[in-house]
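FYI, it's all coordinate maths here, none of it is from the lab. In this text, all values refer to a predicted model and were calculated from it rather than measured experimentally. Cβ placement follows ideal geometry from the backbone for every residue including glycine, while neighbour counts extend to all protein chains displayed.
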Amino acid sequence: MDANTHITKRSAGAGGCFSVIAGLAREAIAVLDTSGVVRYANAAWAAMHGYDRPDEVTGLKITSFHNKEQLSADVLPLLLEVGRHGQISGPVGHMRKDQTVVPTNTTMTALKDKTGKILAVVVYATDTTETDKLNAELSAINKQVGQYASQAEQTQKQIQALKAALTEKEKEVAVLMSRLEWQNEEKTRREKQWQTRCGSLTDTIEKLQQKVLEMKHREVEFLDGIDEYEEPAGANGGLDPEQLKQISVMARKFIDE
């Protein structure tokens, strides 16, 4: 039995169920021979690579579904691991017929004969475009959430700092209010003292004014008495009546002023 016949038989599975199951699967499935040629592909594999029917991709080499970078970075390392371990999974980039890239999660499983010789490799690929897009969006959202959390933390620190500053200002205001209250009390006390002193001074001034009036009356009476007093000038140097009148007029004028 040649390799292709063996692959066809093994791919058919129990009673040909493999092709039926693979044909209904949403996962892209292909069977490669040891030369890297596609010997079987389901409809999902054809569609994922931009083809209408599975028979369009049957007979194509694996290089038709990957660019050079994908082959060297993804496909060849996985094929080597399949040779060592029999199965391997990982992210692998695929390429459509129009050269656009399709990100996938790919699993490769080796088909071996009784002696352990690899006859073919079954490739299962799941298009992760939407998943990657969602993961990218989720990553962006997580990044924004992280930024918002960081901003919230900074805002919280600023709020705490403002609260602390406000507390200090409230203490300063309390001190100032206490000083102002003391100043107002001191002002009130001094005003009362001045009012008391002003009252005493007013009483004293009124008393002095009364005494001055009394003295003025006495002086007027005295001067009037001088007007009536007449004594001729003699050897003792006394004033004559005319001189006394002049002095009396001058005294009244001074008092009136």
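Report the convex hull volume per residue for region 97-168, counting only C-alpha atoms, in Å³. Write out the running numbers ahead of the final one.
On the way: hull volume 10.2 nm³, N = 72.
It comes to 142 Å³ per residue, whole-number rounded.
Using θ = phi - 60° in the Karplus curve 6.51 cos²θ - 1.76 cosθ + 1.60, the 3J(HN,Hα) couplings for region 152-163 round to 4, 5, 4, 4, 4, 5, 5, 4, 4, 5, 5, 4 Hz; x is entered for Gly and Pro. Here, region 129-227 is characterised by an Rg to Rh ratio of 1.86, where Rg is the alpha-carbon radius of gyration and Rh the Kirkwood radius. Averaging Cα coordinates gives a centre for region 116-153 and one for region 31-90; these two points are 22 Å apart.
Normalised by 2.2 N^0.38 Å, with N the number of residues, the alpha-carbon radius of gyration of region 45-150 equals 1.34.
Listed by chain and number, the lysines whose alpha-carbon sits under 30 Å from that of K192, ignoring those within fewer than 8 places in the same chain, are K207, K211.
Using the per-residue mean of other Cβ atoms lying within 10 Å as a proxy for protection, in what order, highest first, do the peptides 47-54, 151-158 fall? Provide the component values of the computation, followed by the final result.
Working: 47-54: 17.2, 151-158: 10.1.
Answer by packing, highest mean first, reads 47-54, 151-158.
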